[in-house]
Amino acid sequence: MTPTNQVMMSALAQATQEPTGGVAGWATELMEKLGAPGAGLAVALENLFPPLPSEVILPLAGFAANRGDLGLISAIVFTTLGSVVGALALYGVGAALGRERTRSLAARLPLVKLADVDKAEGWFNQHGPKAVLIGRLVPVVRSLISVPAGVERMTVPLFLALTALGSAIWNTALIVAGYALGEKWHVVESSVGVLQWVVLAGAAAAATWFVVVKVRAKRSPAEKVK
């Protein structure tokens with residue numbers, strides 16, 4: 001085990017209160033052996049299995065980038081790719097099984113709460129396709145929002161685009177936070193609630209600005225005609 005791996009495993013074990021040989025150690029080993037693709041693989045599996053949340057993996061990847069073990073940009077790119085792959089797998093489950101069979105399967109899975117599945121479904125029913133974008137910025141919902149999108153057979157290109165955008169925003173925020181904090185990267189997990197609202201506010205502002213620009217662009221030709 002390299003000195004870098006020892007530092008990362010110790011920091012991750014302390015933050016997650018897990019032994020260094022457990023899931024925490026496995027995630028750290030992935031990052032050391034595979035680099036940024038390892039972080040992406042960990043995030044992809046995190047979408048499917050929730051024992052190690054992205055609120056730990058992503059700041060840890062930022063910490064690794066701070067130490068020079070990963071490239072900051074490559075960490076963002078590969079974790080976003082991992083998010084999309086994991087989300088697509090859950091989309092496929094929803095599309096293949098349908099609502100009732102998916103809920104039945106979720107009820108049998110350890111670590112997965114049926115209430116969380118219902119919450120994600122409620123988000124999707126309330127907000128439609130944009131729920132996929134917004135949901136990627138909300139812990140728990142961020143993974144499960146893919147299921148109702150699959151059940152409703154949302155078009156795959158739109159699903160991938162919204163998932164990639166939302167994941168890129170969330171992953172970048174947490175990785176950069178971990179990079180900036182260095183050895184104090186674990187503070188991000190305890191502050192994720194505040195960070196979540198900051199990211200949501202930024203996303204909402206960007207969406208509002210986009211709509212305003214589009215509306216102005218449509219009005220301009222009409223005004224010129226007058």
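Just so it is clear, none of the values below were taken in a lab; they were calculated from the coordinates. All of these numbers come straight from a predicted model, not from anything done at the bench. Cβ coordinates were reconstructed from backbone atoms using ideal geometry, including for glycine residues, and neighbour counts include every protein chain displayed.
Of note:
- Packing, taken as the mean count of other beta carbons within 10 Å per residue, orders the peptides 83-93, 157-167 from highest to lowest as 83-93, 157-167.
- Remark: the Arg67-Arg101 segment gains 7.7 nm on full extension, using 0.36 nm per residue and subtracting the alpha carbon distance.
- Under the combined filter of DSSP loop state and at most 14 neighbouring Cβ atoms within 10 Å, the stretch 95-162 retains these trypsin sites (Lys or Arg not before Pro): Lys113, Arg153.
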